[in-house]
Amino acid sequence: MVSIIQSTVGNNLQDDYDVTVIGGGILGCAIAYFLSIMTDSSIVVIEQEKNVGLHTSSRNTGKVHAPFYYNPDKKSSTAIHALKGFEMIRRYCNLHKLPFKEDGVIEVALDDRQIDVLHKHAQWARKNGLKDQDVKFLNKDEILQIEPNVKCESALLCFRDASTDYGLINQKLMEDAIKFGCKTSFENKFRSVCSNSNRDANRKMTIIGTVRNITTDYIINAAGGNSLDIAHNADLAREYTDLHFRGEYWIAPQKYINLTKRSIYSVPRHAEYPFLDPHWIIRSDGRCEIGPNAVPVFGPYSYKQYDNLKNAVPKLFESSKIGVLKLLLNKQFLRLLSDEFSSSLFKTSMINRVRRFLPSLNPSDFNQRGRAGIRSLLVDKNGNFVSESLLAENESSLHILNYNSPGATGALPVAANIVKELIQKNIVNSNASRKINSPFVDEFQ
């Protein structure tokens, strides 16, 4: 179990900073880490929880994704960051002796149409920077030789895929940032921000928090499920709304621990939406799970029914926006929602979606749910899901929106790029001459 990092903002310490990072997920902590090692700015991370990484950053599959199923015409930056993130995460895990298991992943096709999709994904893999030796197309007999319990017509084996523990990485990034001078303010949820118009004020803005207020010159919003609300507070990204989807898991009993050597994905049935079907997951510690699905919920932290219901009224009101209404009138999207609700209510429904390629699974053997995670997806005014992460900014703030899977994989290169741009814009001052022990100094040279 990771230790709790004590808050380093107290009554006797400063409450004004050059830069305030909102959100202690893996992206927020990675940004704080790079700011701490590469600039001489004073930095604070404010986080609503008692510790960092308690939500999406630790509630995921733990996969270090290879960019073979990302359309290069629609997700080019996502693919670039995933490709670079693999190597950066490997270096960081090696430095701190964190789990990083290069176990690969297999995507299976169950019919001729899906075989065509696999061929397309093999092409995308190369366009996205993977090498020929990183991916291998397998026919039915070849997949049986390496995974005899998998039933499919063909498969795509990606060797450049790994498993890790993003919660541990998140924690270590925060610890490293603190070592280099970053401060933290926990259990302090963002409420609003106001400009300091008084000429004698030390800082441009005051962030109003639930526990304490912080004055600052620049805000970086990496608040995950709350990021759009914070952007709206700054009068940015008003043309977007967000929808939240809970990804649920079932933990496989010990009898299935050696069922496969690798995690197994299937070709998505609804490629036009940003969801994958539930898959067979092997985690870095060897545990196996089935999931995730994508169940609509009313809030970014609606893990339980009570949490979901208390957010129902404001979310239903917000969902009356034209973009969401257009999406909810889409019959195909409604069919998808029906499948996802069914997989949440009925265990057999979810397990059977994986039994299509692992027929030896018995739903009655699964008795324990895993830890659910929630992703928050932007919807534009035309009723379309936004395909990639989005940056919204003004002269005093940067807001990172729609940051979803493979967000953890790409967090380090995304954070490094953000800090490099802030240095180039003279928003923060570089301190490149500082002697530090980091595997990423070359990113800024």
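Each Lys and Arg Cβ is given +1 and each Asp and Glu Cβ -1; about its Cα centre, the chain then shows a dipole of about 680 debye. The alpha carbons of the range 247-343 give a radius of gyration and a Dmax of 16.4, 49 Å, in that order.
Of the listed values (i) 1.02; (ii) 1.07; (iii) 0.97, grab the one calculated as Rg/Rh (Cα atoms, Kirkwood Rh) from the structure here. Recomputing Rg/Rh (Cα atoms, Kirkwood Rh) here picks out (iii).
Computed about its Cα centre, the charge dipole of the range 243-385 is approximately 120 debye, with only Lys, Arg, Asp and Glu carrying charge at their Cβ.
Think of the chain as having a plus end and a minus end, set by charges on the Cβ of Lys, Arg, Asp and Glu; of 361, 438, 168, 361 sits farthest toward the positive end of this dipole. Out of 264, 24, 350, whose Cα points farthest toward the positive end of the dipole of the chain (charges: +1 Lys, Arg; -1 Asp, Glu; placed on Cβ)? Positive-most Cα among the choices belongs to 350. For the range 233-264, chymotrypsin sites (Phe, Trp or Tyr not before Pro) meeting the loop criterion (DSSP other than H, G, I, E, B) and having at most 10 other Cβ atoms within 10 Å: none. When the chain is treated as a Gaussian network with alpha carbon springs shorter than 10 Å, the biggest mean-square fluctuation among 183, 347, 310 belongs to 310. Between residue 73 and residue 90, the simple spin-label model (points 7 angstrom out along Cα→Cβ) gives 3.1 nm. In the chain, the DSSP beta bridges split such that about 70 percent are antiparallel, to the nearest 5. Could you tell me how many degrees, from 0 to 90 and to the nearest 10, lie between the Cα long axis of helix 166-179 and the main elongation axis, the longest principal axis, of the Cα atoms of the chain? On a 0 to 90 degree scale, this one is about 20.
Near residue 189, once Lys and Arg are set to +1 and Asp and Glu to -1 for all other residues with Cβ below 14 Å from its Cβ, the sum equals -1.
Other residues whose C-beta falls under 11 angstrom from the C-beta of residue 167 contribute a net charge of +2, scoring Lys and Arg +1 and Asp and Glu -1. For residue 17, the amide hydrogen comes within under 5 Å of the amide hydrogens of 215, 216, 217, counting only partners 5 or more places away or on other chains and with H modelled in the peptide plane.
I need the calculated FRET efficiency for the pair residue 261 and residue 425, taking r as the beta carbon distance and R₀ as 51 Å, to the nearest 0.05. The computed FRET efficiency comes out at 0.60. For the chain, the longest principal axis of the C-alpha atoms and the axis of helix 331-345 are separated by about 90°.
Applying a 10 Å radius around every beta-carbon, put 210-216, 49-55 in order of their mean neighbour count, most first.
So the peptides 210-216, 49-55, ranked by packing, come out 49-55, 210-216.
Between residue 151 and 358, the built amide H atoms are under 5 Å apart, and every one of these is 5 or more places off in sequence or on another chain.
Of interest is the spacing of the C-alpha centroids, which for the range 124-179 and the range 274-288 amounts to 11 Å.
With respect to the chain, whose longest principal axis is taken over its alpha-carbon atoms, helix 26-38 is tilted by about 50°.
Each value in this text was obtained by applying a stated rule to the coordinates, not by laboratory testing. Owing to the predicted nature of the structure, the values given are computational and were not obtained by experimental measurement. When we count neighbours, we look across all protein chains shown, and the Cβ atoms used for this are built from the backbone with ideal geometry, even at glycine.
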